[in-house]
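Remarks on the structure that follows.
The values are calculated or read from the model by the stated rules, or taken from the named source; none is laboratory data. Remember, predicted model here, so these are calculated numbers, not experimental data. FYI the Cβ positions are ideal-geometry reconstructions off the backbone, even for glycines, and counts take in every protein chain you see.
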Amino acid sequence: MRDHTIDDAAIGELVEEQIAAGIDGLVPCGTTGEATTLSVPEHLHVVSLVTEIARGRVPVIAGAGSNDTRRAIELTKACAALGVAATLHVTPYYNKPTQAGLVAHFRAIADATSTPVILYNVPGRTAVDMKPETVALLADHPKIVGIKEATGDMHRASQIRELCGDDFALLSGDDFTLLSFLAAGGDGVISVVSNVLPALVADLCKAAREGRWEQARALHRRHLPLTRALFTVANPIPVKAAMAMIGRCRPDLRLPLLPLDPDSPEGRNLGAILKDLREGEGEAQ
């Protein structure tokens, strides 16, 4: 945001930086970001812009979730028309459907699109938890190809892999447990930390894929202080503050969220960690 309007230039620079750092995909309008305060035209503008700038170099997975199935279908169709590789769908928040309701919701979305669908389970923010057995039922649909699993529960990750098989994409939604998630059979992460340190997160995932676990553990330990600082309050507040501190964008947010005060204890701690990381990168070079 710049003066409460979308900052196209900052988005473009962020996309280029992420791709150059070696990330495997982009997720515009993810639910943990700022999509909740965008109008539908603004939402589609961001998705279109990211897709255009990416130019097929990496897949674009557009957030298109809603707690209204009809609205989710409309948004999915609109994003698909923009050429995205897949859409990401959070469990319906606040109205708290049953497990059968979740199955009906996601199947209705998948039936309405030719674009692959990725599920997103984050009960800490939605107040509804999609059980592994429910995920397995949904994985039978040819258009439902993966899940962003954000419970931080490694037994849950193992259950989903066991029930859904190796071809079902298992993506972490919890930066704290990424290393353990990859060891449990996860394929990658849709990350908050990657906005700030894309190369580190990409290198960690690659090291795990290639069985270089000592290096993966070292990278995990390196990003933990920043991860803790980025979750002191609800995102996108701290990650937006971090991006502003390193000159990637302005700290502007739309209400009801307020920017993080850089002079608050949380802001000073975040600034100190970012300074240490930048100095460490300089020494490594």
Going through segment 80-91 in order, the residues found to be more than 17 Å from the chain's Cα centre (by Cα) and within 24 Å of S191 (Cα to Cα) are A80, L82, G83
Considering only residues that are among the charged types (D, E, K, R) and touching a Pro at 6+ places or on another chain (Cβ under 9 Å), look in segment 150-196 and name the one that is farthest from K131 (Cα to Cα).
E162
Taking into account only those residues within segment 74-99 that are assigned to a helix (DSSP H, G or I) and of a type outside the set (K, R), which is nearest to S39 (Cα to Cα)?
L75
Give segment 28-46 a look and list any residue that's closer than 23 Å to Y94 by Cα and either part of a helix (DSSP H, G or I) or modelled with pLDDT of 90 or more (or both), or say none.
P28, C29, G30, E34, A35, T36, T37, L38, S39, V40, H43
Looking at (1) in a helix (DSSP H, G or I); (2) modelled with pLDDT of 95 or more; (3) among the β-branched types (V, I, T), which is the only condition I23 fails?
(1)
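Give the residue that is surrounded by the fewest Cβ atoms within 10 Å (Cβ to Cβ), with candidates limited to residues of segment 206-262 that are of a type in the set (K, R) and closer than 23 Å to G124 by Cβ.
Going through segment 206-262, the residues of a type in the set (K, R) turn out to be 206, 209, 212, 217, 221-222, 228, 240, 248, 250, 254.
From what's left, closer than 23 Å to G124 by Cβ: 228, 240, 254.
On the way: R228: 14, K240: 23, R254: 12.
So, considering only residues that are of a type in the set (K, R) and closer than 23 Å to G124 by Cβ, the one surrounded by the fewest Cβ atoms within 10 Å (Cβ to Cβ) is R254.
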For segment 66-103, which residues satisfy the criterion of being out of contact with any helix residue (DSSP H, G or I) (no Cβ under 6 Å at 6 or more places or on another chain) and of a type in the set (G, A, S)?
A80, A81, A85, A86, A100, G101
If you check D252 against the conditions, is it at negative phi, modelled with pLDDT of 95 or more and assigned to a loop (DSSP other than H, G, I, E, B)?
no
Which condition number does A202 fail, the rest of (1) surrounded by fewer than 22 Cβ atoms within 10 Å (Cβ to Cβ); (2) within 20 Å of G25 (Cα to Cα); (3) in contact with an Asp or Glu (Cβ under 6 Å, 6 or more places away or on another chain); (4) not aromatic (F, W, Y) being met?
(3)
Candidate set: segment 44-93, residues that are crowded, with 21+ Cβ neighbours inside 10 Å and of a type in the set (G, A, S); chosen: the one nearest to P142 (Cα to Cα)
A86
Across segment 113-136, the tally of residues that are surrounded by 18 or more Cβ atoms within 10 Å (Cβ to Cβ) and assigned to a helix (DSSP H, G or I) stands at 4
Evaluate the following for R278: is it exposed (fewer than 15 other Cβ atoms within 10 Å of the Cβ), touching a residue at least 12 places away in the same chain (Cβ under 8 Å) and assigned to a helix (DSSP H, G or I)?
yes
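Out of the residues in segment 94-103 that are touching a residue at least 24 places away in the same chain (Cβ under 8 Å) and surrounded by fewer than 16 Cβ atoms within 10 Å (Cβ to Cβ), which is nearest to V128 (Cα to Cα)? Before the answer, list the steps.
Quick first cut of segment 94-103, residues touching a residue at least 24 places away in the same chain (Cβ under 8 Å) only: 94-97, 99, 102-103.
With the extra rule that they be surrounded by fewer than 16 Cβ atoms within 10 Å (Cβ to Cβ), the set shrinks to 94-96, 99.
On the way: Y94: 8, N95: 9, K96: 5, Q99: 9 Å.
Among residues in segment 94-103 that are touching a residue at least 24 places away in the same chain (Cβ under 8 Å) and surrounded by fewer than 16 Cβ atoms within 10 Å (Cβ to Cβ), the one nearest to V128 (Cα to Cα) is K96.
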Looking at segment 155-168, is at least one residue under 25 Å from R71 (Cα atoms), out of contact with any helix residue (DSSP H, G or I) (no Cβ under 8 Å at 6 or more places or on another chain) and surrounded by fewer than 21 Cβ atoms within 10 Å (Cβ to Cβ)?
no
